Amino acid sequence: MKYLLITISLLSVCMTDQGWCSSSAHLPLAVINKARIKSEAKAFQSVHTQIDRLRETFYQEILRLETELRQQAAALQKLEVSREENPRKISAAKLLKKKQERDQRKNALEKLVQSRKQQLDALFQHAYAKIDAAFKEIVAEITKERSLILILNAESVVNENAPDITDEIIRRLDVLLPEVQLTST
């Protein structure tokens, strides 16, 4: 049986063979708290831990390269001042070559920063796709087991009578996918 996972603002009425009602007792539905699943499930926690570690590694790498670039810029500025004071001390061609080297390193650093951002994003998206696939599998199993036709996001539901299956999803997700290793496609 196909399931339908949607988010709506309010669930206030439903149609039964006796007419309209304001209770979910006649409608086989359940609610989930997706925010809680994302914060409590082990798979999501493992991804966030790994991303944070990798982000820190990238940050340290970029910080080191920025420091080297600043030192190179300071040395270049000293050479420019020195050349202004004594044009014979360093040739204009050598000074120009040093400026070009600095610019190349600056461009390379900008490309590295962009590349690292893209790499983190790709790893994150790939890991979340794995978790999402497991999540959908679990929701489909629960939907079939409980003969549900509708699963709503708990943050959007006013009706408190609908059963909350969040804990069950977290439990099954932790068993099925306790950890997700960051890998690119």
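The values are calculated or read from the model by the stated rules, or taken from the named source; none is laboratory data. Keep in mind that what you see is a predicted model, and the values were worked out from it rather than measured. Quick reminder, even Gly has a Cβ in these numbers, built from the backbone with ideal geometry, and neighbours come from all protein chains shown.
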Index of the failed condition, Ile62 passing every other in (1) surrounded by 12 or more Cβ atoms within 10 Å (Cβ to Cβ); (2) within 30 Å of Glu155 (Cβ to Cβ); (3) at pLDDT 95 or above: (2)
Checking Leu148 against (1) in contact with a Phe, Trp or Tyr (Cβ under 7 Å, 6 or more places away or on another chain); (2) under 30 Å from Leu54 (Cβ atoms), the condition it does not meet: (2)
Single match in Leu11, Leu69 (criterion: surrounded by 14 or more Cβ atoms within 10 Å (Cβ to Cβ), at pLDDT below 50 and more than 17 Å from the chain's Cα centre (by Cα)): Leu11
Whichever residue in segment 128-181 is of a type in the set (S, T, N, Q), assigned to a loop (DSSP other than H, G, I, E, B) and more than 20 Å from Phe44 (Cα to Cα) and, among such residues, is modelled with the highest pLDDT: Ser147
Residue that is farthest from the chain's Cα centre (by Cα), among those in segment 22-44 that are small (Gly, Ala, Ser) and at pLDDT 90 or above: Ala30
Pair list, Cβ under 9 Å, 6 or more apart: segment 164-178 residue crowded, with 20+ Cβ neighbours inside 10 Å, other residue of a type in the set (Asp, Glu): Ile170/Glu40
Residue tally, condition within 25 Å of Lys130 (Cβ to Cβ) and either of a type in the set (A, V, I, L, M) or in contact with a strand residue (DSSP E or B) (Cβ under 8 Å, 6 or more places away or on another chain) (or both), over segment 45-100: 3
Meets criteria (without any contact (Cβ under 8 Å) to a residue 12 or more places away in the chain and assigned to a helix (DSSP H, G or I)) for Ser39: yes
